[in-house]
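Undergrad: There's a structure below that I have some questions on.
What follows draws every value from the coordinates through simple rules; no lab data is involved. From a predicted model like this one, the values you see are computed outputs, not experimental measurements. Cβ: placed from backbone, ideal geometry, glycine included. Neighbour counts: every protein chain shown.
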Amino acid sequence: MSQGPRHTPAEDVHAILIGASFCAFGIVMLKAAGLVTGGVAGAALIVSYLTGLPVGPTFFALNVPFYLLAWRALGPVFTARTLVTNSLLAGLSLMIPQWVTFAGVDPVFAALFGGTIIGMGILALARHRSSVGGVGVLALWMQEKRGISAGKVQVCADVLIVGAAFFILPLDRLGLSILSAVALSLVMIAYHRPGRYMGY
């Protein structure tokens, strides 16, 4: 089966802006509800709860080792796009609370919608050769080089990361955090499959 035409630079820029915005919005919503999710986003939320550090810059810092993996495994273009994406995500996560408040957000809605919109952001980025780094880099590398589903890799990592939240979150928030991680991973499992998307 032949591949379709590659995305134009303008389409790539648009996808990176949308993907970073979706991820940042979802992370801010989850934090407002006192939840975590999978991946480095979940780890950044845990660190933010423990230290009071802003989640966006924490997310960027935790990703530093994965930039090296991205450079070696997926190439300089992918790595550069990922760095741009994470810089945008860090900045947007600081700005969104000034534009939108979530004081009354329902935690169940935050878990489902927050996790799903992060997953959709990651999906948009993956289809335009970018990522939010972290587990996403490892998952994409495993899928492209080993044929292992990115969603399944993400689920395994999410179990470990959300499990760490057991020590800092009440059980009800922990359960909803698991729901959020599942919502995120289901997007990747359902929609990010090798050979399905031809506009890469």
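Undergrad: Nearest 500 deg cm²/dmol is fine: what mean residue ellipticity at 222 nm does the chain get from its DSSP H runs of n ≥ 4 alone, each adding -39,500 (n - 2.57), divided by its residue count?
TA: On the way: 9 runs with 140 residues, N = 200.
Calculated mean residue ellipticity at 222 nm is -23000 deg cm²/dmol.
Undergrad: Along the Cα→Cβ direction, 7 angstrom out, place labels at Val159 and Val84. What is the inter-label distance in nm?
TA: 3.7 nm
Undergrad: Same structure, new question: Determine, from the Cβ-Cβ distance of Gln98 and Ile168 and an R0 of 25 Å, the FRET efficiency 1/(1 + (r/R0)^6), rounded to the nearest 0.05.
TA: 0.45
Undergrad: On a full-extension model of 0.36 nm per residue, what is the gain between Thr8 and Ile148, subtracting their alpha-carbon distance, rounded to one decimal in nm? Please report the intermediate quantities before stating the final value.
TA: On the way: separation 140, 0.36 × 140 = 50.40 nm, distance 2.81 nm.
Length gained, Thr8 through Ile148: 47.6 nm.
Undergrad: Additional query: May I ask you to evaluate 6.51 cos²θ - 1.76 cosθ + 1.60, the Karplus curve with θ = phi - 60°, for each residue of the stretch 112-117 and list the ³J(HN,Hα) values in order in whole Hz, giving x for glycine and proline?
TA: 6, 6, x, x, 5, 5
Undergrad: If you place +1 on the Cβ of every Lys and Arg, -1 on the Cβ of every Asp and Glu, and leave all else neutral, what size is the dipole of the chain about its Cα centre, to the nearest 20 Debye?
TA: Once rounded to the nearest 20, the dipole reads 540 debye.
Undergrad: I would also like to ask the following. Taking the 0 to 90 degree range and rounding to the nearest ten, how far is the long axis of helix 150-164 tilted relative to the main principal axis of the chain, both from C-alpha atoms?
TA: Its long axis makes an angle of about 20 degrees.
Undergrad: Label points 7 Å out from Cα along the Cβ direction at Val77 and Phe109: separation in nm?
TA: With each label point 7 Å from Cα toward Cβ, the separation is 4.1 nm.
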